[in-house]
Every structure is written in C-alpha cells, then in structure tokens.
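Reading through the structure tokens given below for one structure.
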C-alpha cells in the first residue's frame, strides 16, 4: 500500500515505515502529525485518485528531528569590475517517519 501526499508545495510517494525529509513543520520532534492532502491511494488492488484529494484518507506520521539540507553557494561575479559576492544557504527540513496510511 502506498500513497502520494502533498506538503510544503511538493508531492511525496510514501508507504508505511518510510522516512522522508519535508519542508520545515511547526511540530516539535516526537510529535504526531496527520497529512490530509492525499492525492493518490493504492492498496495493491485498486488505485483511488482524488479530485483534488482522496476522501476520508489520512497519512499518520511522527516527526523525528529537524535536519539541514546540503549547502548551496550563490556566487555573483562581474569581470573587471572588482565585484564578487558569495552567499551560502542551508535549508531546514523536518525528518518524518510514516507510521500509518488509514482510511477513515
């Protein structure tokens, strides 16, 4: 059984036991969360496609920790102008473990 959920403007294909990194959530580590925006649900026999979401379906998960993504360097340079700027950025993510895919 798997589901495709939407959170943080992105879509993720998840199944029970998966650990994924999603955009930073307000929940603290060790808290439970429910994703109600389930776009597709497949139970092995039948696929349900939501318009826009599958009715009465939630994906339950547990927030494990906050994590940092890879460092991204933005470097601006103009030749012969004595101009260069270097900026770095690391995006924060929430590491989430999927505990259950439930039909209510």
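The values are calculated or read from the model by the stated rules, or taken from the named source; none is laboratory data. Remember, predicted model here, so these are calculated numbers, not experimental data. So basically every Cβ, Gly included, is an ideal-geometry build from the backbone, and we count neighbours across all protein chains shown.
Would you check if residue 36 is surrounded by 11 or more Cβ atoms within 10 Å (Cβ to Cβ) and either at pLDDT below 95 or in contact with a helix residue (DSSP H, G or I) (Cβ under 6 Å, 6 or more places away or on another chain) (or both)?
Spelling it out, residue 36 is indeed surrounded by 11 or more Cβ atoms within 10 Å (Cβ to Cβ) and either at pLDDT below 95 or in contact with a helix residue (DSSP H, G or I) (Cβ under 6 Å, 6 or more places away or on another chain) (or both).
Are there any strands (runs of 3 or more DSSP E) wholly within segment 29-93 with 2 or more residues that are under 16 Å from residue 4 (Cβ atoms), free of Cβ contacts under 8 Å to residues at least 24 places away in the same chain and more than 15 Å from the chain's Cα centre (by Cα), and if so which?
47-49
For residue 25, all conditions in the list (1) surrounded by 15 or more Cβ atoms within 10 Å (Cβ to Cβ); (2) free of Cβ contacts under 8 Å to residues at least 40 places away in the same chain; (3) under 14 Å from the mean Cα position of the chain (by Cα); (4) part of a loop (DSSP other than H, G, I, E, B) hold save one; what is the number of the exception?
For residue 25, the exception is condition (2).
Out of curiosity, is residue 2 buried (at least 16 other Cβ atoms within 10 Å of the Cβ), within 18 Å of the chain's Cα centre (by Cα) and in contact (Cβ under 8 Å) with a residue 12 or more places away in the chain?
In short, yes.
What's the number of the condition residue 12 fails, among (1) surrounded by fewer than 16 Cβ atoms within 10 Å (Cβ to Cβ); (2) at pLDDT 95 or above; (3) under 14 Å from residue 94 (Cα atoms)?
Going through (1) surrounded by fewer than 16 Cβ atoms within 10 Å (Cβ to Cβ); (2) at pLDDT 95 or above; (3) under 14 Å from residue 94 (Cα atoms) one by one, residue 12 breaks only (1).
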